[in-house]
Amino acid sequence: MKKTIYTLQVNGYSERITKLTFPLIKYWASKIGAEFHVIRDRKFPDWPITYEKLQIHELGRLHGNDWNIFLDADTLVHPHMFDPTVFLKKDTVAHNGHDFAPVRWQYDEYFLRDGRNIGSGNWIAIASDWCLDFWRPLDIGPEEAIAKIYPIVEELRGGCLADHLVDDYAMSRNIARYGLKFKGVLDIQKEIGWTGEWGGFMHLYNISEAEKVEKIMEELDKWKIPAAIRQYGE
């Protein structure tokens with residue numbers, strides 16, 4: 001069972017952050033028997049950088065993965081975190097949870113037909129080789145896609161504009177367009193009786209890099225992560 005954890009670090013995205021997060025992601029990859037792959041090159045130069053996540057549509061096939069997992073580079077993974085793919089069927093894709101789609105996106109026929117109103121928060125995204133359409137590039141151009149995105153007020157106040165959410169929009173639309181079965185990691189945790197003591201993820205967005213570094217360091221201290229894990233794979 002081949003698994004790969006992907007992350008995105010284009011144009012040297014904040015090494016102050018990845019110095020803190022990558023060792024724990026690598027540790028988790030080792031724990032669940034996955035490879036770790038950093039996407040650094042641009043394949044979609046006409047789109048915002050976050051759209052580069054959709055390279056997994058081809059990379060998953062190229063790497064011969066049974067399971068593909070994406071984590072934003074600023075995601076902190078607790079060493080106790082389990083492997084969600086153990087509890088997922090290959091016909092089902094996953095995020096941590098989901099947003100109410102019509103708050104953020106202008107609907108088209110795919111959203112209307114699907115009717116589940118699933119809005120992607122794709123800082124974590126999981127899909128098997130059966131469901132690589134999860135990351136399929138859109139059949140519309142960047143201007144048309146961005147025009148359909150309406151950030152919530154809290155995002156706008158923090159400077160998160162429509163173009164930064166194009167990856168969330170694309171994956172929401174793919175869930176609807178291809179009728180992908182969906183489950184939240186939070187749902188899995190409830191089903192198996194997971195508690196916070198077993199660890200999980202921490203992901204913050206819409207704050208400055210300095211704030212993010214400070215909060216990640218606070219969480220690492222709170223979790224009492226030993227140096228051997230903080231420096232794993234370095």
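Tabulated results
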read-out: Conditions (1) modelled with pLDDT of 95 or more; (2) loosely packed, with under 15 Cβ neighbours inside 10 Å: number failed by Val166; value: (2)
read-out: In the range 207-217, residue surrounded by the most Cβ atoms within 10 Å (Cβ to Cβ) [restricted to those that are without any contact (Cβ under 8 Å) to a residue 24 or more places away in the chain and part of a helix (DSSP H, G or I)]; value: Lys215
read-out: Members of the range 202-234 found to be within 30 Å of Arg136 (Cα to Cα) and touching a strand residue (DSSP E or B) at 6+ places or on another chain (Cβ under 6 Å), listed by number; value: Met202
read-out: Test: residue in the range 47-63 that is under 30 Å from Pro226 (Cα atoms) and under 13 Å from the mean Cα position of the chain (by Cα); value: no
read-out: Phe134, sole failed condition from (1) over 25 Å from Arg116 (Cα atoms); (2) modelled with pLDDT of 95 or more; value: (1)
read-out: Test: residue in the range 73-88 that is open to solvent by less than 50 Å² (accessible area, probe 1.4 Å), in contact with a helix residue (DSSP H, G or I) (Cβ under 7 Å, 6 or more places away or on another chain) and within 21 Å of Arg177 (Cβ to Cβ); value: no
read-out: Asp91 being touching a residue at least 60 places away in the same chain (Cβ under 8 Å), within 24 Å of Phe201 (Cβ to Cβ), open to solvent by 20 Å² or more (accessible area, probe 1.4 Å) and acidic (Asp, Glu); value: yes
read-out: Qualifying residues in the range 151-206 (those that are of a type in the set (Ser, Thr, Tyr) and in a helix (DSSP H, G or I)) - the one farthest from Ala94 (Cα to Cα); value: Tyr169
read-out: Every pair of residues 6+ apart whose Cβ atoms lie under 7 Å, when the first sits in the range 218-234 and is touching a residue at least 24 places away in the same chain (Cβ under 8 Å) and within 19 Å of Arg16 (Cβ to Cβ) while the second is among the charged types (D, E, K, R) and in a helix (DSSP H, G or I); value: Leu220/Arg230; Tyr232/Lys26; Gly233/Lys26
read-out: Matching option when the condition is closer than 25 Å to Glu211 by Cα, open to solvent by less than 30 Å² (accessible area, probe 1.4 Å) and basic (Lys, Arg), among Lys19, Lys53, Lys26; value: Lys53
read-out: Matching residues, the range 48-64, being farther than 19 Å from Ile146 by Cβ and touching a Leu at 6+ places or on another chain (Cβ under 8 Å); value: Ile56, His57, Gly60, Arg61
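Table: residues versus (1) among the hydroxyl-bearing types (Ser, Thr, Tyr); (2) modelled with pLDDT of 95 or more; (3) open to solvent by 70 Å² or more (accessible area, probe 1.4 Å).
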| site | (1), (2), (3) |
| --- | --- |
| Arg116 | no, yes, yes |
| Gly141 | no, yes, no |
| Ile152 | no, no, no |
| Leu156 | no, no, yes |
| Ala170 | no, yes, no |
| Leu180 | no, yes, no |
| Leu186 | no, no, yes |
| Trp198 | no, no, yes |
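The values are calculated or read from the model by the stated rules, or taken from the named source; none is laboratory data. In this text, all values refer to a predicted model and were calculated from it rather than measured experimentally. Backbone-built Cβ (ideal geometry, glycine too); neighbour counts: all protein chains shown. What goes into the accessible areas is simple: the full protein's heavy atoms, side chains included, and nothing from ligands, DNA or RNA. Shrake-Rupley method; radii C 1.70, N 1.55, O 1.52, S 1.80 Å.
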